[in-house]
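Since the structure comes first, as structure tokens, the remarks are kept for the end.
The values are calculated or read from the model by the stated rules, or taken from the named source; none is laboratory data. As the structure is a computational prediction, the values presented were derived from the model and not from experiment. Here Cβ is always computed from backbone atoms with ideal geometry, including for glycine, and neighbour counts include all displayed protein chains. Heavy atoms of the whole protein, side chains included, go into the accessibility calculation; ligands, DNA and RNA do not. Shrake-Rupley method; radii C 1.70, N 1.55, O 1.52, S 1.80 Å.
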Amino acid sequence: MSHVSDTEVDPSMQSIYVHGGKPISGTVRIGGAKNSALKLMAASILAPGVTRITNVPAIADVTIMSEVLRSLGADVHEGDHELTIDASGIDTFEAPYELVAQMRAAVDVLGPLLARFGRARVAMPGGCNIGARKLDLHMKGLGAMGVSFETDHGYIDAQVNGKLHGASITFDFPSVGATENVMMAAVRAEGHTTIDNAAREPEIADLANMLVEMGAKISGQGTPTIEVDGVDELHPVDHRTVGDRIEAGTYLVAGALMGGPLTTVGADPAHLTLALEKLRRMGVSVETGPQTITVSRTGDLQPCDIQTLPHPGFPTDLQAQFMVLAALAKGSSVITENVFENRFMFASELSRMGADVRIEGHHALINGVPKLEGAPVRSTDLRGGAALVLAGLAADGETVVSGVHHIDRGYEDYVGHLRALGADINRR
Ligand code: EPZ
């Protein structure tokens, strides 16, 4: 716990204060992807020895995942944007409730624990603000490989009957987490596993690439069909986390909102194809290089309809950020959320700032307004919180965003980066 003097507010209880209207421009270095790093950490369980992961973001979720690994018996050292994890000493297979309840991604230890020990006991991750977050697809996939499940006092008790064996699995929905868990179990199972309707997010490919470096036999990562041949052992490796496309997309929206030019360095534009296409449709100019993306805007923001879908569809994790752009566009936009059942709570906070948003089922109908008014608002979840700060950059007057702990889960030094880009912003 960080020491908090009586004059300071505990960082997790702070609010972000932003005075809108300032130009936002410059260059921001993008860190490693939260939604990859957490899974790379889980994969280290598979290889007794010291795994080193670099380009790791300094965010709260990485700290929680480090605690999860320590609770299993691993030795985790958190360096400067890198981790060394010695998984030799892992001697238990229970991921404790108090950690899993804080961070759903801890569920990703299921696959590796089953592969290594044939057993795993993981607390059921509660639903969170954006939806039920079920695990039925995880259990369907692992069940096909010989895993049986019992629920016991809020825990999932998973056990392999005999040996973990390969299977042919077709997911009803290309779940990111279920694809990852099944892939991490399949690399040590006996025989061949085919995952059909697999998730195609770049973070899946990053995890698969690390597993291959560890000695796994995987092909098809990034396509809807992933093939795995089980091997007897995996060895520890050094691996660099792929850049965070969602962090990059968040800053690109800041530049699009306020005019830029703003450049992100460290995320691959090929991971944001549709998001960049939508920015261009909204009147934003977008230039790209191998690991750079530059946005700028001089004319009005144009309305644009958006459908969130599994990758390569429009990312649900950029839905709230793009709603801020739509709120200030010259016309009406429809944003449809197809991935989570309850990911529009942020819209009611945005409406407090003067946005004209009406929710009808999983559609948000947005009529652009000439300006937003600063107001006290509350982060409902990680991406909604980040988006409210973006709205504050554009709003007249002061916006106070509380619930900053949500933002700290996935954004390293969000306030510092935005201040360096010209924002009049601080947290206290
Ligand atoms: C990952 O969550 C990401 N989190 C999410 O990012 C991201 O929004 C999501 O993928 C979709 O891209 C991490 O990687 C840590 P899913 P995950 O399984 O794996 C339903 C952020 O802001 N589903 O693809 O939980 C589920 O309820 C976070 O960084 C089942 O029904 O996503 C949801 O509606 C938010 N049964 C949909 O599928 C299952 O067994 C997508 O879930 C599993 C999922």
Can you pull out the residues in region 78-108 that are among the charged types (D, E, K, R) and within 16 Å of the ligand (Cβ to nearest atom)? Arg104, Asp108
So is Ile226 touching a helix residue (DSSP H, G or I) at 6+ places or on another chain (Cβ under 8 Å), among the aliphatic types (A, V, I, L, M) and part of a strand (DSSP E or B) or not? yes
Got at least one residue in region 397-409 being closer than 22 Å to Thr298 by Cβ, at pLDDT 95 or above and of a type in the set (A, V, I, L, M)? no
Out of the residues in region 155-182 meeting the condition of being more than 24 Å from the chain's Cα centre (by Cα) and assigned to a loop (DSSP other than H, G, I, E, B), tell me which one is nearest to the ligand (Cβ to nearest atom). Ala167
Out of all the residues in region 114-130, is one or more under 30 Å from Phe344 (Cβ atoms), in a loop (DSSP other than H, G, I, E, B) and touching a Gly at 6+ places or on another chain (Cβ under 7 Å)? yes
Considering residues of region 109-125 that are open to solvent by 10 Å² or more (accessible area, probe 1.4 Å) and within 15 Å of the ligand (Cβ to nearest atom) only, the residue nearest to Ala37 (Cα to Cα): Pro125
Within region 299-327, work out how many residues are among the polar types (S, T, N, Q), more than 10 Å from the ligand (Cβ to nearest atom) and under 18 Å from Arg378 (Cα atoms). 1
Looking only at region 58-75, count how many residues are closer than 23 Å to Ala158 by Cβ and away from the ligand (no atom under 16 Å from the Cβ). 5
On the given criteria, is Gly249 under 17 Å from the mean Cα position of the chain (by Cα) and open to solvent by less than 10 Å² (accessible area, probe 1.4 Å)? yes
Could you please find all residues in region 260-286 being more than 23 Å from Pro310 (Cα to Cα), touching a Lys or Arg at 6+ places or on another chain (Cβ under 7 Å) and either charged (D, E, K, R) or not in a strand (DSSP E or B) (or both)? Gly260, Gly283, Val284
Could you identify the single residue in Gly73, Gly49, Gly21, Gly79 that is in contact (Cβ under 8 Å) with a residue 60 or more places away in the chain and open to solvent by 20 Å² or more (accessible area, probe 1.4 Å)? Gly21
For residues that are touching a residue at least 24 places away in the same chain (Cβ under 8 Å) and touching a Lys or Arg at 6+ places or on another chain (Cβ under 6 Å), scanning just region 190-229, find the one that is farthest from His165 (Cα to Cα). Leu207
Some residue of region 287-302 being open to solvent by less than 40 Å² (accessible area, probe 1.4 Å), assigned to a helix (DSSP H, G or I) and closer than 30 Å to Gly79 by Cα: no
For region 184-210, name all the residues that are hydrophobic (A, V, I, L, M, F, W, C) and away from the ligand (no atom under 16 Å from the Cβ). Ala186, Val187, Ala189
Determine whether region 135-155 contains at least one residue that is within 26 Å of Ile59 (Cα to Cα) and aliphatic (A, V, I, L, M). yes
Flag if Phe322 is among the aromatic types (Phe, Trp, Tyr), in contact (Cβ under 8 Å) with a residue 60 or more places away in the chain and closer than 30 Å to Gly177 by Cβ: yes
Considering residues that are farther than 21 Å from Gln102 by Cβ and open to solvent by less than 20 Å² (accessible area, probe 1.4 Å), the number found within region 29-46 is 2
What do you reckon, is Ala144 more than 21 Å from the chain's Cα centre (by Cα), open to solvent by less than 20 Å² (accessible area, probe 1.4 Å) and more than 7 Å from the ligand (Cβ to nearest atom)? no
Residues that are without any contact (Cβ under 8 Å) to a residue 24 or more places away in the chain: which strands (runs of 3 or more DSSP E) entirely in region 332-428 hold 2 or more of them? 356-360
